[in-house]
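J.: Mind having a look at this structure? Questions to follow.
What follows draws every value from the coordinates through simple rules; no lab data is involved. Note that this is a predicted model, so its numbers are computed, not measured. Every residue, glycine among them, receives a Cβ derived from its backbone with ideal geometry; neighbour counts consider all protein chains shown.
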Amino acid sequence: MKEYLLIDGEWCEAGSSKRIEVRCPSDGKPFASLAAGEAGDIDRAVAAARRAFESSPWSSMTALERGRLLHRLSGMVAAREDDIAAIESRDTGKPLRQGRADAVALARYFEFYGSAAEMVRGTTLPFLDGHTAMTLREPHGVVGIIIPWNYPIQILGRTLGAAIAAGNTVVIKPAEDACLSILAVARCLDEAGFPPGVVNIVTGYGETAGAALAGHGGIDFVTFTGSPPVGVSVQQAAARNHIGCTLELGGKSPQIVFDDADLEAALPVLTNAIIQNAGQTCSAGSRLLLQKSIMDRLLPSLARRFRSLRAGPHDRDLDCGPLVSSAQRDIVQAHIDRALADGIPLIAQGEVVSDAPDGGYYCPPMLFGPVPEDHPIAREEIFGPVLSMIPFDDEADALRIANATDYGLVAGIWTSDGARQMRLARRIRAGQVFINAYGAGGGVELPFGGCGKSGHGREKGFDGLLEFTRIKTIVTRHG
Ligand code: NAD
């Protein structure tokens, strides 16, 4: 399978004609190739997006019409759900049912933002006598979208859907490790009625195509999801061009379990929050904060659950698939080796099925604990199926530990004490807090994002759409 760039409505080869080999994480074998776009391709894509933004039909299209485009795209994604799910699963290694959940979420994002397009509005403002003052919400213009490999289509849905609903045109740089699903969805754009140049896609490496997009003088806004160091360089590039950016950079999210929690309800959720997508999830619940008084009650059943977990090829649809690449497996393995070398107890681990192909990038789910609060596996994002259990004494202790990371993305609180639920929810440093739940329902409608090393700005929900707009104030003096 040979893939191409999408620029100005045409599928084309990269200027350099260079290619990137795509390997299936389940067996490590190549099965496709991407065009390796570089700075010159980004130039062409940004120019196409600019032309599309400034000319008809896009410049005169109403919010209603843009919403209808997204609804049509949503319907086409839903009709191709099985194909898109299979592509996503093979390309990322995630189990097929997760690929399907992501395809369903993608259709839902386009549906949500298709409906939200008409809801974008300004205000009138009390002002001087004889004047009328109002605000308009306008699109930024050309938006750069840089997408990672862990949830290609979900992140496509929340960025592209919102950017288009707001009236922007876009240049997308998907991840070199996994982006075939994005290209499959892009093949629907023409039939859905998107004018050429409104959506451009340049595949390629981060240091070349990604950096060229983030630093391009022709874009008006950039949104990035990925690692904190690259987030810093994207923000620096945006600053040099005096444009805004949103950054979604991951987390080390706590799941806090008190002794009055419904443990039976909590157990499967606690586990799923770390094994979903083999832990390669920015909002993974990777720190389990457990009240000391219930360690004896919860740990045996949690350990049993971990021992029952199985990792294997994506199409076996087990608890975990492989990690996305050998590089990612090496990063995760280095964290595990360090924890073992430092004598952190491994409470339990799952298994990699014995017939998993040799060349696949597998890592069994692992539960470590007690983990000292200052150990790297208690503080750093591992991005693998590794859960660090940290004991705490009381509410104050739990809050202190929960906030003791540089990240601040998501938190889960498990307690039946209503006052404590709200006290903690308000004091925890995180963009989303779940009470007796975690990551409930995918959250297309729920604003999502973090603080500190997790980044800034919000995606998802209506607030995510507003990030792709800017306010213009108009004042008229009429006497
Ligand atoms: P990354 O940040 O390098 O890549 C993310 C995206 O940015 C990709 O499209 C990549 O091509 C692009 N990119 C890379 N360098 C760039 C640059 N200089 N300028 C512009 N764009 C650039 O992430 P990674 O190397 O694929 O993964 C490394 C770590 O990042 C993981 O172990 C994980 O901790 C974290 N990560 C987080 C998320 C998240 O959802 N927050 C997603 C993926 C990875």
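J.: How many times 2.2 N^0.38 Å is the alpha carbon radius of gyration of region 203-306? Show your work: numbers first, answer last.
T.: On the way: Rg = 20.0 Å, N = 104, 2.2 N^0.38 = 12.8 Å.
Compared with the compact-globule rule of thumb, region 203-306 sits at 1.55.
J.: Note down, for region 138-242, the three equivalent ellipsoid semi-axes (square root of 5 times each alpha carbon gyration tensor eigenvalue), biggest first, whole angstrom. Please list the in-between numbers first.
T.: Values: eigenvalues 85, 57, 25 Å².
Semi-axes (√(5λ), whole Å): 21, 17, 11.
J.: Using helices alone, what [θ] at 222 nm do you get for the chain, with -39,500 (n - 2.57) per DSSP H run of 4 or more residues, divided over all residues and rounded to the nearest 500? Please report the intermediate quantities before stating the final value.
T.: Details: 16 runs with 179 residues, N = 479.
Per the formula, -11500 deg cm²/dmol.
J.: Would you be so kind as to identify which of Ala36, Gln280, Asn403 lies farthest towards the positive end of the dipole of the chain, taking Lys and Arg as +1 and Asp and Glu as -1 on Cβ and the Cα centre as origin?
T.: Towards the positive end, the residue furthest out is Asn403.
J.: Taking only the C-alpha atoms, wrap a convex hull around region 395-438 and report its volume per residue in Å³ as a whole number. Each step should come with its number before you reach the end.
T.: Numbers: hull volume 2.6 nm³, N = 44.
Value for region 395-438: 60 Å³ per residue.
J.: Positive end of the dipole of region 312-448, charges at C-beta (+1 Lys, Arg; -1 Asp, Glu), about the Cα centre: which of Pro345, Leu318, Ile413 has its Cα farthest in that direction?
T.: About the Cα centre, the residue reaching furthest to the positive side is Ile413.
J.: Still on this structure: Read phi for every residue in region 140-145 and hand back ³J(HN,Hα) as whole Hz from Karplus 6.51 cos²θ - 1.76 cosθ + 1.60, θ = phi - 60°, with x for Gly and Pro.
T.: 5, x, 9, 10, x, 10
J.: Quick one: which residues, 5 or more positions from Ala411 or on another chain, have an amide H under 5 Å from its amide H? H modelled 1.01 Å from N in the peptide plane, none for Pro or chain starts.
T.: Gln432, Val433, Phe434
J.: Moving on. With θ set to phi - 60°, apply the Karplus curve 6.51 cos²θ - 1.76 cosθ + 1.60 along region 23-35 and write out the HN-Hα couplings as whole Hz, x wherever there is a Gly or Pro.
T.: With coefficients 6.51, -1.76 and 1.60, one gets 10, 7, x, 6, 9, x, 8, x, 9, 7, 9, 9, 6 Hz.
J.: At 20 °C and a viscosity of 1.002 mPa s, what translational diffusion coefficient does Stokes-Einstein give for region 5-249, taking Rh as the Kirkwood radius over Cα pairs? Give it in µm²/s as a whole number.
T.: Working: Rh = 18.3 Å.
Taking Rh from Cα pairs, D becomes 117 µm²/s.
J.: Here's another thing I want to ask about it. How high is the relative contact order of the chain, in percent, counting Cα pairs under 8 Å that sit 6 or more residues apart? Mind dumping the intermediate values first?
T.: Details: 1158 pairs, mean separation 89.5, N = 479.
About 19 percent, as a whole number.
J.: What is the P(r) of region 254-443, as percent of Cα-Cα pairs per 10 Å bin from 0?
T.: Going from the shortest bin to the longest, the percentages are 10, 39, 37, 13, 2, 0.
J.: Could I have the simple spin-label model distance between Thr135 and Ala63, label points 7 Å from Cα toward Cβ, reported in nm to one decimal?
T.: That separation, rounded to one decimal, is 1.4 nm.
J.: I would also like to ask the following. Would you please calculate the Kirkwood hydrodynamic radius of region 1-131 over all C-alpha pairs and express it in Å, rounded to one decimal?
T.: Working: mean 1/r = 0.0551 Å⁻¹.
Result for region 1-131 stands at 18.1 Å.
J.: Arrange the peptides 164-170, 398-404, 95-101 so that the one whose residues have, on average, the most other Cβ atoms within 10 Å appears first.
T.: On the way: 164-170: 26.0, 398-404: 18.7, 95-101: 20.4.
The most tightly packed comes first, giving 164-170, 95-101, 398-404.
J.: Mind listing the long-range amide H neighbours of Val444? Cut-off is under 5 Å, sequence gap 5 or more, other chains count too, H placed in the peptide plane at 1.01 Å from N.
T.: Those lying under 5 Å, H to H, from Val444: there are none.
J.: Another question, then. Output wanted: per-residue J couplings in Hz (rounded whole) for region 226-239, from phi through Karplus 6.51 cos²θ - 1.76 cosθ + 1.60, θ = phi - 60°, x for Gly and Pro.
T.: x, 7, x, x, 5, x, 4, 5, 5, 5, 5, 5, 5, 4
J.: With a point put 7 Å past each Cα toward its Cβ, work out how far Ser301 is from Arg187 in nm, to one decimal.
T.: 4.7 nm
J.: With no solvent and one point per C-alpha, what does the Debye sum give as log10 I(q)/I(0) for region 241-351 at q = 0.20 Å⁻¹?
T.: -1.27
J.: Find the percent of Cα-Cα distances in region 186-244 that exceed 16 Å, and round it to a whole number.
T.: Numbers: 871 of 1711 pairs.
Result for the distance tail: 51 percent.
J.: Longer than 22 Å from Cα to Cα, which of Lys29/Lys94; Lys173/Lys460; Lys18/Lys94; Lys173/Lys252; Lys173/Lys472; Lys252/Lys460 are they? Say none if no pair is.
T.: Values: Lys29/Lys94 16 Å; Lys173/Lys460 19 Å; Lys18/Lys94 28 Å; Lys173/Lys252 26 Å; Lys173/Lys472 29 Å; Lys252/Lys460 20 Å.
The pairs that break the limit, which is 22 Å between Cα atoms, are Lys18/Lys94; Lys173/Lys252; Lys173/Lys472.
J.: Given q = 0.10, 0.12 Å⁻¹, what are the Debye log10 I(q)/I(0) values for the chain, with equal point scatterers placed on the Cα positions and solvent ignored?
T.: So the normalised log intensities are -0.75, -1.04.
J.: Can you give me the Rg/Rh ratio for region 382-479, using Cα atoms for both radii and the Kirkwood formula for Rh? Intermediate values should be presented prior to the final figure.
T.: Working: Rg = 18.1 Å, Rh = 15.9 Å.
Over the Cα atoms of region 382-479, Rg/Rh equals 1.14.
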